[in-house]
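Colleague: This is the structure, below, for whatever I ask next.
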Amino acid sequence: MDKKAMREETERLIREAMERKSVTIKTGDTRIEARCGKCGAPNKISAPKGSSRVKFDCKECGQSQVTL
Ligand SMILES: [Zn+2]
């Protein structure tokens with residue numbers, strides 16, 4: 001596979017992932033599992049539909065951060 005084909009394949013996968021995401025968002029709040037950047041503890045967050053970046057405070061260390 002040459003570089004151009006690889007880039008096209010990547011773009012196709014991103015497009016498909018975004019389409020799947022938009023379907024999930026329509027069903028209501030999305031649940032995100034985010035790992036704390038400070039202590040590494042997993043945090044389950046309920047995000048309002050339409051938002052991809054969600055602010056949360058780590059339940060272990062209290063560090064305020066934004067999901068990736
Ligand atoms: Zn933490």
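Nothing in this text is a laboratory measurement; each read-out follows from the coordinates by a stated rule. Note that the coordinates shown come from a computational prediction; the quantities given were computed from them, not determined experimentally. Cβ placement follows ideal geometry from the backbone for every residue including glycine, while neighbour counts extend to all protein chains displayed.
Colleague: Among the residues of the range 45-68, write down those that are surrounded by 13 or more Cβ atoms within 10 Å (Cβ to Cβ) and of a type in the set (A, V, I, L, M).
Modeller: Listed by number, the residues that qualify are 45, 47, 54.
Colleague: Could you please tell me which pairs satisfy a Cβ distance under 9 Å, a separation of 6+ or placement on different chains, a first residue in the range 33-47 that is more than 8 Å from the ligand (Cβ to nearest atom), and a second residue that is outside any loop (DSSP other than H, G, I, E, B) and of a type in the set (Gly, Ala, Ser)?
Modeller: Between residues of the range 33-47 that are more than 8 Å from the ligand (Cβ to nearest atom) and residues that are outside any loop (DSSP other than H, G, I, E, B) and of a type in the set (Gly, Ala, Ser), the close pairs are 42/34; 44/34; 45/34.
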